[in-house]
Structures are given as C-alpha cells and as structure tokens.
Amino acid sequence: MPNPGLRQQPRGILGGVVVQTSDCHADLKVHRDIHELSFEAGETTTLKVYCPQACQVTALNGQVTKALAATDAGTVALVDAGGTTQSTLTLPASSALTTEGNANPTPFSVAAGSFYRLTWQKATAGGKCVVQVTTVRNGNG
C-alpha cells in the first residue's frame, strides 16, 4: 500500500503546535525536563524553567555525573513562582558517580506561561549532577 503522505497522517496538537504524525498521541500529558547542574566554583545559581502550558510539578529526581567533593552535601531546591521551596533534593558529601536521589514534592501547579525555579548550591565547590523534573499537563492544551 502506498504511503499516503505526511499531509494525510493523523494530526494532533503538541505544545501548542500542530503535528502530523501517527506516532504522537493526543493525550500526551507527562513531561520530564532534564537539567545538567554544576556545583563547581562559580557555577551554582538559580534557573527559571518556563512552562508554556498549565501543569503540575510532581517529582524531582537527580543523579551525580561528577563525584561531589567530600566536605559537604549538594542541594537542589525546587521553588514555585511565588518563591516557596516545594522540595529539596540532597546529594550527600562524597557522593560517587551515579549516586541517585529523589525528592517527592506535594504536587503544585504552574500556570501557563509561568515558571518554577531550580536553585542549587554547595558550600565547597566540586561535583555535577543531572536532575529530572516531572510535570503533568493540566487539561488538553
């Protein structure tokens, strides 16, 4: 059977954009944002993560990608747009490569076009991690 062409494939809206593919499910609701963070000297800061659609933040997970210096723990705070810390992920001092950590915030809402923040710090520089923030879209658009 010949390929009907892209124009005749099923259409859906994903992230406010019309997509034409049979691989995209219209009910896609769970998103995972992955961020590489560094506890190295001069690299700790706050990152605003904007959400184009209304959603709820439901989880914060992390994994060490460069061993943390032995003197103190590294922390990653999940902060809502109002400035309230919703959850904190702590990676212990001397965490080896691939050490994992989880923080289970009470789900909180982020309005469409608004943001949440990630703030990370470590008193003594040294180490890196990757964090994953899970969000669930509210509604269908």
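The values are calculated or read from the model by the stated rules, or taken from the named source; none is laboratory data. Just so we're clear, the structure is a prediction, and the values are computed from it rather than from any experiment. All Cβ positions, even for glycine, are placed from backbone atoms using ideal geometry, and neighbour counts span all protein chains on display. SASA here: full protein model, heavy atoms, side chains in, ligands and nucleic acids out. Shrake-Rupley method; radii C 1.70, N 1.55, O 1.52, S 1.80 Å.
What the table shows:
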| read-out | value |
| --- | --- |
| Test result for residue 71, over 15 Å from residue 111 (Cα atoms), surrounded by fewer than 18 Cβ atoms within 10 Å (Cβ to Cβ), modelled with pLDDT of 95 or more and hydroxyl-bearing (Ser, Thr, Tyr) | no |
| Cβ-Cβ under 8 Å pairs, at least 6 apart or on other chains, the stretch 50-76 side within 26 Å of residue 30 (Cβ to Cβ) and without any contact (Cβ under 8 Å) to a residue 12 or more places away in the chain, far side open to solvent by 10 Å² or more (accessible area, probe 1.4 Å) and not hydroxyl-bearing (Ser, Thr, Tyr) | none |
| Every residue from the stretch 19-35 that is outside any loop (DSSP other than H, G, I, E, B), modelled with pLDDT of 65 or more and loosely packed, with under 14 Cβ neighbours inside 10 Å | 30, 32, 34 |
| Unique residue being touching a His at 6+ places or on another chain (Cβ under 8 Å), of a type in the set (S, T, N, Q) and in contact (Cβ under 8 Å) with a residue 40 or more places away in the chain when the list is 119, 134 | 134 |
| Selection count where residues are crowded, with 17+ Cβ neighbours inside 10 Å and in contact (Cβ under 8 Å) with a residue 40 or more places away in the chain, scope the stretch 84-109 | 5 |
| Selection from the stretch 36-56 of residues that are of a type in the set (S, T, N, Q), more than 17 Å from residue 107 (Cα to Cα) and surrounded by 15 or more Cβ atoms within 10 Å (Cβ to Cβ) | 38, 44 |
| From 59, 81, 112, 77, residue being surrounded by 14 or more Cβ atoms within 10 Å (Cβ to Cβ), in a loop (DSSP other than H, G, I, E, B) and at pLDDT 95 or above | 81 |
| Matching option when the condition is in a loop (DSSP other than H, G, I, E, B) and either on the phi > 0 side of the Ramachandran plot or within 19 Å of the chain's Cα centre (by Cα) (or both), among 106, 88 | 106 |
| Matching option when the condition is of a type outside the set (Ser, Thr, Tyr) and over 22 Å from residue 28 (Cα atoms), among 127, 113 | 127 |
